[in-house]
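Have a look at the structure below before the remarks.
The values are calculated or read from the model by the stated rules, or taken from the named source; none is laboratory data. Note that this is a predicted model, so its numbers are computed, not measured. Using ideal geometry, Cβ is built from the backbone for each residue, glycine included, and neighbour counts are taken over all protein chains shown.
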Amino acid sequence: MATGNVVHVVGTGTIGEPLIGLLADLREELGIDEVTFSKRTPLLIDRSKIASLIKRGAKLCVEREKFKTFKNLSLEPEYEYEEALSRASVVVDCTPAGLENKDRYYRRFEDRVECFVAQGSEFGFGKMYALGINDEALTSEDRYIQVVSCNTHNIAVIIKTVALNDDGSRLAEGKFLCLRRANDISQEGEFIPSPEVDRHGDPRFGTHHARDVYWLYRTIGLELNIFSSSVKLNTQYMHAIWFDLHLTHETDVDEVKERFRSNPRVALTHKTSSSLVFSFGRDQGYYGRILNQTVVALPTLAVRNGSEVVGFCFTPQDGNSLLSSISVIEHTLYPDSWKERMGRLDRYLFSEV
Ligand SMILES: NC(=O)c1ccc[n+]([C@@H]2O[C@H](COP(=O)([O-])OP(=O)(O)OC[C@H]3O[C@@H](n4cnc5c(N)ncnc54)[C@H](OP(=O)(O)O)[C@@H]3O)[C@@H](O)[C@H]2O)c1
């Protein structure tokens, strides 16, 4: 058994790679003693990123039978995969196989690991969570947490900022159209030649986006009337979301802008092109990332008939999932001071993009 706070990340893909890097870079600030990570497949094309993560201080873990193959790639594993799980205080699964890994591995380490975290695709893994949306739902008893997807974060923060008050919901109905990028710039497969619309598989919520937001808010006792649609576009840049919120109270564009401005996790922009917003993130963001939960396009905001708020926003890729994952880690390691510790990452948030 390891002593101290050990965080283990499973997977080195679009989410895993930046999370491992962030944790390694900010290790001391976050009060983490050791960052370990596991890589499943030994691939020559992945050698450079693994070597870079090791250089930044994270320790590579692989399955016992793959030690030799990794060593042949000049990559030195420190621990065997299951040993790494047994040493960890928190395990963050960043694979599309979190549910499978839970049954196959994590359950066996429940008496040692304080918290297991999985990502957006793993509906049913554990309590759903997004930083600043349902913080009060986190408890020290939570053994399994699912950090919701990037678009779920975005929809949730739009609702929270515009339509929720301390005393409850002002939302009569919310509709969302998720305009999704075909794949991430770090992914080479599954690009599409033309827009592709998603079926409304769920008669109540449309696509999984509204369903996930509904269940996220259910963790704090709110039941929202929301519906989402989704279309995949032939771009690698950012997702965008069109939102249409029917409030129970009158409002105006100035008030809506003010509410967005008051939330530090919301960035505002005068830009209307996702390539310009993406480019800002590449040049000014943390390793090219905007860590805000949404970027709201100011010129698109409108209020119809006094109480219907309409607009567009951009989803900063995986930045919001990264911060929420770190938030669960800090909540587990420092239940009494995690909010102050998370506050130190506010310097990476933008008020304007
Ligand atoms: N992409 C985004 O912007 C984004 C945003 C928010 C949330 N998420 C969520 O994050 C999760 C991961 O997505 P991603 O985009 O990061 O995936 P990805 O880029 O395809 O990477 C997947 C990683 O998981 C590893 N992996 C796959 N199956 C595994 C298994 N059975 N056991 C161990 N490792 C396995 C792969 O390892 P090898 O290559 O070594 O085999 C790879 O490192 C998903 O739940 C997704 O919904 C993604």
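Can you tell me which residue among Y237, Y287 is within 16 Å of the ligand (Cβ to nearest atom), surrounded by fewer than 23 Cβ atoms within 10 Å (Cβ to Cβ), within 30 Å of V6 (Cβ to Cβ) and of a type outside the set (V, I, T)?
Working: Y237 fails: within 30 Å of V6 (Cβ to Cβ).
Going through Y237, Y287 in turn, just one is within 16 Å of the ligand (Cβ to nearest atom), surrounded by fewer than 23 Cβ atoms within 10 Å (Cβ to Cβ), within 30 Å of V6 (Cβ to Cβ) and of a type outside the set (V, I, T): Y287.
On the basis of being surrounded by 20 or more Cβ atoms within 10 Å (Cβ to Cβ), outside the structural domain of T207 (by TED's automatic domain parsing) and more than 19 Å from L222 (Cβ to Cβ), does E114 make the cut?
no
With the structure loaded, tell me whether E76 is over 25 Å from the mean Cα position of the chain (by Cα) and surrounded by fewer than 21 Cβ atoms within 10 Å (Cβ to Cβ) or whether it fails that test.
Yes.
Could you say which residue among G126, G132, G120 is over 30 Å from D254 (Cβ atoms), modelled with pLDDT of 95 or more and in the same structural domain as G16 (by TED's automatic domain parsing)?
Sole residue among the options that is over 30 Å from D254 (Cβ atoms), modelled with pLDDT of 95 or more and in the same structural domain as G16 (by TED's automatic domain parsing): G126.
Quick check on my filter: what residues within region 304-340 are in contact with a Gly (Cβ under 7 Å, 6 or more places away or on another chain), within 14 Å of the ligand (Cβ to nearest atom) and farther than 16 Å from N154 by Cβ?
none
Identify, please: which residue in region 80-109 is without any contact (Cβ under 8 Å) to a residue 60 or more places away in the chain and part of a loop (DSSP other than H, G, I, E, B) and is, among those, farthest from the ligand (Cβ to nearest atom)?
If we take residues in region 80-109 being without any contact (Cβ under 8 Å) to a residue 60 or more places away in the chain and part of a loop (DSSP other than H, G, I, E, B), then Y105 is farthest from the ligand (Cβ to nearest atom).
Would you point out the residue of region 30-73, among those that are closer than 30 Å to M342 by Cα and of a type in the set (D, E), that is surrounded by the fewest Cβ atoms within 10 Å (Cβ to Cβ)?
Result: D33.
Could you count how many residues in region 7-42 are within 7 Å of the ligand (Cβ to nearest atom) and either part of a loop (DSSP other than H, G, I, E, B) or basic (K, R) (or both)?
Total meeting the criteria: 8.
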